[in-house]
Amino acid sequence: GYSQSTEKDPGGIAGAKFVGDFTGIGFDGSRKPHLVAGDAFYDPTSFELDEVEWEKVSGKDKEKNIRLDLARDYDLAGNAAQVKFGGKLSRRDKTSDTEVWVYDDFTGVGLDGLQS
């Protein structure tokens, strides 16, 4: 068998990070953690855009494989019997080229201005 695939992403936003300054935040509970935070944590005006990641990806994946299965039926003292033997060889070559640009130093861009 033979297979080949390629992936090309011409570029797009991979992630964005917002930051805020909060005090008195923690977790409560032993089995399932429960977030304990004040009302400011849930207010979009408390967060500012810190950085944006833009990435471009190009990848290629090739696989070659071969399989061999052998079986032989025979009679052993009046009883049906079978001997089986097999093997598989697989080779895979995968490459990926990812370029990431990080933009930062945003001033005055808050989470509240990005809501829909």
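If I take R0 = 22 Å and measure r between the Cβ atoms of Lys62 and Thr98 in this structure, what FRET efficiency does the formula 1/(1 + (r/R0)^6) give, to the nearest 0.05? List each step's numbers first, then the result.
Details: r = 18 Å, r/R0 = 0.84.
The value I calculate is 0.75.
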- Query: How many lysine pairs are close in the chain, with Cα atoms under 30 Å apart and the two 8 or more places apart or on different chains?
  - Reply: 18
- Query: In the chain, carbon and sulfur make up what percent of the accessible area (probe 1.4 Å)?
  - Reply: 49
- So Ser5 and Leu76, fully extended at 0.36 nm per residue minus their Cα-Cα distance, gain in nm 20.7 nm
- Item | Accessible area, probe 1.4 Å, largest first, for residues Lys17, Lys64, Lys88, Lys32 | Lys32, Lys88, Lys64, Lys17
- Item | Solvent-accessible area of Asp9 with every protein chain in place, 1.4 Å probe, in Å² to the nearest 10 | 60
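Rounded to the nearest whole Å², what accessible area per residue is found for the chain with the 1.4 Å probe?
On the way: 9850 Å² over 116 residues.
With the other protein chains kept in place, the chain gives 85 Å² per residue.
Please work out the FRET efficiency for the pair Asp69 and Arg31, using the Cβ-Cβ distance as r and a Förster radius of 41 Å; give the result to the nearest 0.05.
On the way: r = 50 Å, r/R0 = 1.21.
Computed FRET efficiency for Asp69 and Arg31 comes out at 0.25.
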- Isotropic mean projected area of the C-alpha convex hull, the chain (nm²): 16.5
- Message: Please state the shape class of the range 32-76: rounded when a/c is under 1.5, otherwise prolate if a/b exceeds b/c and oblate if not, all from the C-alpha gyration tensor.
- Response: oblate
- To the nearest 20 debye, what is the magnitude of the charge dipole of the chain about its Cα centre, counting +1 on the Cβ of each Lys and Arg and -1 on the Cβ of each Asp and Glu? 1400
- Over what distance in Å are the Cα centres of the range 74-102 and the range 1-51 separated? 41
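The values are calculated or read from the model by the stated rules, or taken from the named source; none is laboratory data. It should be emphasised that the depicted structure is a prediction, and the values quoted were computed from it without experimental measurement. Note that we place each Cβ from the backbone using ideal geometry, even for glycine, and neighbour counts take in every protein chain shown. For the accessible areas, the whole protein counts, side chains as well, though only heavy atoms, and no ligand, DNA or RNA atoms are used. Shrake-Rupley method; radii C 1.70, N 1.55, O 1.52, S 1.80 Å.
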